[in-house]
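Trainee: Next up is a structure, given as structure tokens.
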């Protein structure tokens, strides 16, 4: 299985080593990153760069933001029943890695024709933060890649957002563990 | 993730007892019931909490060894979880094997100057691991799930509302220690759950066995904040994290020990004290030491080797208690408290043996006492003792409690490539942040075996003296009068940690405190070329002169040969 990409690369090299731009959308911006309506549980809601997201308390004493993604059905058509969703979040502009996860997910049809989205929103784990690296009130760049497996390049999308601690009972605890 | 033991054991008593009772197939217990001596190169450390995590595809699997000492009626245990867990029984043997295979070992290899006349035979001072061993109906508002498993009754509760949850726990006789309500706040909110355990009626503290939980979560976490209400000072917390890569403490610091403090002459018996002091040098006392990081290969086929546990149908066909117990022994059943507890349910202690042998001795060596030889020799004691074993029932219990949990534990080491063992100690006031664990693909492995060399000095006539040169694994060399002097050496101001680091999920460690300039270079430096007094002034000029004389003496002895 590992030989296939190698053969492909060799083939490209034999043809001059450069890949002409292919038709279709830019694969690096094919995934829309958003969240779910109704407090995270509803259908996909797109988000725009710079959006502020409230850090939600997790059951084990952590905080996260809820993420959903939407993508063309055709883009994931060959990725099996559970495509791999890789999420990497970095603090901008320092580039500090603050969250990373890889897991497979089921996609379901979106309300928008021709699109699919995650079966449900998923938490993006942010706090407790990596020691010494603040997350709350920082700009976080999240890159999402959907692929068939860990070795196959997939389609990507990004979102820049600013996590904010919630108000109320959890505010102090959030400040304790989300500011590095 | 984890665990407020509602009545926390101050020691590893239960686990230690289990470990002491445990016997492996290759090391069968003798009929005398003696326990194998501990490995002398293994420091004695009592951990308060021991957890094995694995993480795959967004699902955390946690094997949790519950260590409890107290009345069975007061046993209670609660654990916050991000989703409704699948729950199974675990096995203490997983922890015993992990401890044995990844335990930090401090060995001192003694060598002698070439000119020494009489080199003592090995023994007495050599620390070699090979020498040894080591009911009420569910309330739909609160209760999500209520069931029993093994020795436990358990319930999964919604943690939307603290008062409702605690009311339910109290009404249903789940023991809650004072103070829990004050620290449970961060775990109470919509969408959160708690798992609560208590012992089923008829079960005793000795029946407690590990539990295995599977739940969706991005990262393994220990909810240590909850534990503070029942924790002891400097409570040990040991965690093994299995996965694709070496694991790291994501939000705790990481400490590398200054091995100058290790009691090398006694196999690192002061290890736990060194850990306590070293981790307390980190901010807020929150730091882990990596005790081992590397391949899981050493754990493969230890728990679930081929042929272990024999054939269930064969076992179910045996009705003679002695033959049954012998079969268990022959096919690798570990003599744990769990096994003995199950035997006790089905094979009563012969009344005629009371006052002659201890009940524990009987069960520890049941195949001997139930053998036809022993029964014939002690026929009077067995008068009226005609036990016909319900082999189907006991075998079913053994499969549920021991065989299946052990086989699943063994599978962990086929499903994961690496394991990382981390350890820290925390006092209640330091339990303010729940440690979370993650992975870093680029960090190197960490060996659990540490070897120093002690070169003993001889006088001009070749007679061995007690003193010598101790060379630590990092190359530092010290002149040492003897083991006691090494332990009592004046190290005022010398830090216990060599480095305090921040481990990231990628890249090299970020060094927060580098003590390399504050720790001793060693009396003899790292090459033995010069006698250097360290910056903290251990002995000053007088010592330096003595050491210079010593070094000179060594040279002279060598030249005379």
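Trainee: Sorted from largest down, what three extents in whole angstroms do the Cα atoms of the range B:247-330 have along their principal axes?
Mentor: The Cα atoms of the range B:247-330 stretch 61, 32, 23 Å along their principal axes.
Trainee: Need the C-alpha centroid separation for the range A:36-84 versus the range A:95-121, integer Å.
Mentor: So the separation of the two Cα centres works out to 6 Å.
Trainee: If each of residue A:137 and residue B:372 carries a label point 7 Å out from its Cα toward its Cβ, how far apart are those two points in nm?
Mentor: Placing both labels 7 Å along Cα→Cβ, they lie 8.3 nm apart.
Trainee: Please average, across the residues of B:215-226, the number of beta carbons from any other chain that are within 10 Å of each residue's own beta carbon, and give a whole number.
Mentor: Averaged over the peptide's residues, the number is 4.
Trainee: To continue, here is another question. Would you mind getting me the FRET efficiency between residue A:37 and residue B:216? Use the beta-carbon distance for r and R0 = 25 Å, nearest 0.05.
Mentor: 0.70
Trainee: Can you put B:240, B:168 in order of Cβ neighbours within 10 angstrom, beginning with the fewest?
Mentor: Placing the least packed residue first, the sequence is B:168, B:240.
Trainee: Note down the Stokes-Einstein diffusion coefficient of the range B:242-291 in µm²/s, whole number, using a Kirkwood radius over alpha carbon pairs, 20 °C, and 1.002 mPa s.
Mentor: Answer from the Stokes-Einstein relation: 179 µm²/s.
Trainee: For the residues B:329, B:250, what sequence is obtained by ranking on other C-beta atoms within 10 Å, fewest first?
Mentor: By the 10 Å Cβ count, ascending, the order reads B:329, B:250.
Trainee: Could you tell me the distance between the Cα centroids of the range B:492-512 and the range A:134-152, to the nearest Å?
Mentor: The range B:492-512 and the range A:134-152 have Cα centres separated by 28 Å.
Trainee: I would also like to ask the following. List the residues of the range B:193-207 whose backbone N lies under 17 Å from a point placed 7 Å from the Cα of residue B:345 along the Cα-to-Cβ direction.
Mentor: B:198-207
Trainee: Now for a separate question. Report the Cα-based extents of the range A:112-175 along its three principal axes, largest first, to the nearest Å.
Mentor: Each principal axis gives a Cα extent; for the range A:112-175 these are 42, 28, 17 Å.
Trainee: Next up: Assuming R0 = 25 Å, can you tell me the calculated FRET efficiency for the pair residue B:400 and residue B:145, based on Cβ-Cβ distance, to the nearest 0.05?
Mentor: Efficiency, from the Cβ-Cβ distance: 0.85.
Trainee: Also, I was wondering about something else. Classify the range A:25-178 from the C-alpha gyration tensor, please: rounded if a/c falls under 1.5, else prolate or oblate depending on whether a/b exceeds b/c.
Mentor: Prolate is the answer for the range A:25-178, as a/c is 1.5 or above and a/b outweighs b/c.
Trainee: Once Rh for the range A:50-127 is found with the Kirkwood sum over Cα pairs, what is the Stokes-Einstein diffusion coefficient at 25 °C and 0.890 mPa s, in µm²/s?
Mentor: This corresponds to a translational diffusion coefficient of 175 µm²/s.
Trainee: For A:56, A:30, B:488, which order do you get if you count the other beta carbons within 10 Å of each Cβ and list the fewest first?
Mentor: Sorted ascending by nearby Cβ count, the order is B:488, A:30, A:56.
Trainee: Mind giving me the FRET efficiency for residue B:71 and residue A:94? R0 is 41 Å, r the Cβ-Cβ distance, nearest 0.05 is fine.
Mentor: 0.15
Trainee: Classify the range B:312-410: rounded, prolate or oblate, from the alpha-carbon gyration tensor (a ≥ b ≥ c, eigenvalue square roots; a/c under 1.5 rounded; otherwise prolate if a/b is larger than b/c)?
Mentor: prolate
Trainee: Based solely on C-alpha atoms, express the radius of gyration and the Dmax of the range B:362-466 in angstrom.
Mentor: Radius of gyration, then largest Cα-Cα span, for the range B:362-466: 27.6, 75 Å.
Trainee: Per-residue mean of other chain beta-carbon atoms within 10 angstrom of the beta-carbon, peptide B:182-193?
Mentor: So the per-residue partner count for this stretch is 5.
Trainee: Still on this structure, I have one more. If I model a spin label at residue A:164 and residue B:383 as a point 7 Å from the Cα along the Cα→Cβ vector, what separation in nanometres do I get?
Mentor: Calculated label separation equals 8.7 nm.
Throughout, read-outs are computed from the coordinates displayed, never taken from laboratory work. Computed from a prediction, not measured in an experiment: that's the story for all the values here. Counting neighbours? That spans all protein chains shown, and the Cβs are built from the backbone with ideal geometry, glycine included.
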